[in-house]
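Only one structure is covered here, and it is reproduced in the block below.
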Amino acid sequence: MIDTETNTDGLRMRLDNITLEVTRKCSFRCLHCYNGKNNYEEWDYDRIVPFLEWIREIGTFDISLTGGDVFLYSRFNSLVKKIRDLGFRLNLLTNLFSCDEENIKMIKSLGVNELEFTIFSLDEKVNDTMTGHKGSLQRILKNIDLCKNYGIRLFAKNLITKYDCESYKDFEEFCTKKHIEHNVDYRIVNTIEGDDSNCECMLSADQLLRVLKELDFKQERSFNEPKMTDRICTDSDGACYISATGDVFPCVFLRFNCGNIYKDDYSDIISNLNKSPCKELCWSMLYEKCRKCDIKHYCIKCPGHSMLEGKSYKDYSDQDCMIANIRRTIYGQDR
């Protein structure tokens, strides 16, 4: 029997939730995509099943499948059935383009808990520009209706870009009418190879000045001076991200390689996750530019953003600084 609390090093063994990148195949070529160079890597089903059985035994309950697009994974039906048979709660992150009614019926019959997707704009030209696929919006809207007809819970994201900086207004109205949970985001980060050309479609500084205050309000942002003992990020606590090649990271942006499920002992991988440098990272440990910054209360500091920009996880992120400065312009008179 596996000790689900600690291992021989006294480290917590349990993972509460795992995000699994099952494939990098995708019907879209989204301008913002952080996966960088598109390829066709995907999981080896027969080698992943023992890992799924093991993490269920140590107490993991939540699994999210992502891609690429999960519906293009060659063993998609088998994987979903196996995950549900093992008793996991399962969420699917998809572009909602590559599925059809048979897929939707199947995931409904197996009790998939939620399906999450992204819309860039309800302006067809803008959405198709972002996805690189003509007709993408109409196909997504059709599949939304199919999912609603089959009673599948949906969660919609709107990533607003420079092509339609106020798209979130129509998007929120649409989701409200359809009774779909939703959120809005504007952050676009460098690719996992560190290329920043995909960020060219992010909102400009002028556009952020126009919309950021309203978006902060919708996201219930508060801007209090952090204590030096405050941890920078807790999002990866009890969680991890596993790439299509089997590499394990604390999250998709924190590129600390903690092992590979095809090559390394599972217990060693969990130990490495618990020893990740970001687990104890607090403001006092950051480089001086961040520690002594006079607008750090406006900064949503992400160590992963810094790493994707080619810096230390303790260093500043150019994008984080840019957004903090815009907030100072917006809120400065109020403080």
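The values are calculated or read from the model by the stated rules, or taken from the named source; none is laboratory data. Source: prediction; values computed, not measured. Cβ placement follows ideal geometry from the backbone for every residue including glycine, while neighbour counts extend to all protein chains displayed. For accessibility, only protein heavy atoms count, side chains too; no ligands or nucleic acids. Shrake-Rupley method; radii C 1.70, N 1.55, O 1.52, S 1.80 Å.
Among the conditions (1) over 30 Å from residue 107 (Cα atoms); (2) of a type outside the set (Ser, Thr, Tyr); (3) in contact with a helix residue (DSSP H, G or I) (Cβ under 7 Å, 6 or more places away or on another chain), residue 182 misses just one, which is (1).
Of all residue pairs spaced 6 or more apart or on separate chains, those with beta-carbon atoms under 7 Å, a first member in the range 260-282 that is within 18 Å of residue 303 (Cα to Cα) and a second member that is modelled with pLDDT under 90 and open to solvent by 50 Å² or more (accessible area, probe 1.4 Å) are 274/12.
Do we have any residue at all in the range 227-248 that's over 27 Å from residue 44 (Cα atoms) and crowded, with 17+ Cβ neighbours inside 10 Å? Within the range 227-248, one or more residues are over 27 Å from residue 44 (Cα atoms) and crowded, with 17+ Cβ neighbours inside 10 Å. Scanning the range 161-183 for residues that are among the hydrophobic types (A, V, I, L, M, F, W, C) and at pLDDT 95 or above turns up 171, 174, 175, 180.
Quick check on the range 259-275: of everything there that is assigned to a helix (DSSP H, G or I) and not polar (S, T, N, Q), which residue is nearest to residue 321 (Cα to Cα)? Here the residue is 273. Within the range 41-90, restricting attention to residues that are of a type in the set (Gly, Ala, Ser) and open to solvent by less than 60 Å² (accessible area, probe 1.4 Å), the residue that is farthest from residue 28 (Cα to Cα) is 59.
Entry remark, the range 89-121: residues being in a loop (DSSP other than H, G, I, E, B), of a type outside the set (S, T, N, Q) and touching a Ser or Thr at 6+ places or on another chain (Cβ under 7 Å) number 2 in total. Checking the structure you have, find out if any residue of the range 129-139 is under 19 Å from the mean Cα position of the chain (by Cα) and assigned to a helix (DSSP H, G or I). Scanning the range 129-139 turns up at least one residue that is under 19 Å from the mean Cα position of the chain (by Cα) and assigned to a helix (DSSP H, G or I).
Restricting attention to the range 134-148, the residues that are farther than 30 Å from residue 84 by Cβ and open to solvent by 10 Å² or more (accessible area, probe 1.4 Å) add up to 3.
Just one of (1) open to solvent by 20 Å² or more (accessible area, probe 1.4 Å); (2) within 19 Å of the chain's Cα centre (by Cα); (3) aromatic (Phe, Trp, Tyr) fails for residue 117. It is (1).
A search for C-beta distances below 9 Å between a residue of the range 182-194 that is within 11 Å of residue 32 (Cβ to Cβ) and any residue that is among the small types (Gly, Ala, Ser) and open to solvent by 60 Å² or more (accessible area, probe 1.4 Å), counting only pairs 6+ apart in sequence or on different chains, returns 190/310.
Within the range 153-198, take every residue that is in a loop (DSSP other than H, G, I, E, B) and of a type in the set (D, E, K, R) and give me the one that is surrounded by the fewest Cβ atoms within 10 Å (Cβ to Cβ). Top of the filtered list is 193. Listed by position, the helices (runs of 4 or more DSSP H) inside the range 276-335 whose residues that are within 21 Å of the chain's Cα centre (by Cα) and surrounded by 15 or more Cβ atoms within 10 Å (Cβ to Cβ) number at least 3 are 303-308, 318-331.
Residues that are farther than 13 Å from residue 15 by Cβ, outside any strand (DSSP E or B) and not polar (S, T, N, Q) within the range 237-258 comprise 244, 246, 252, 253, 254, 255, 256, listed in sequence order.
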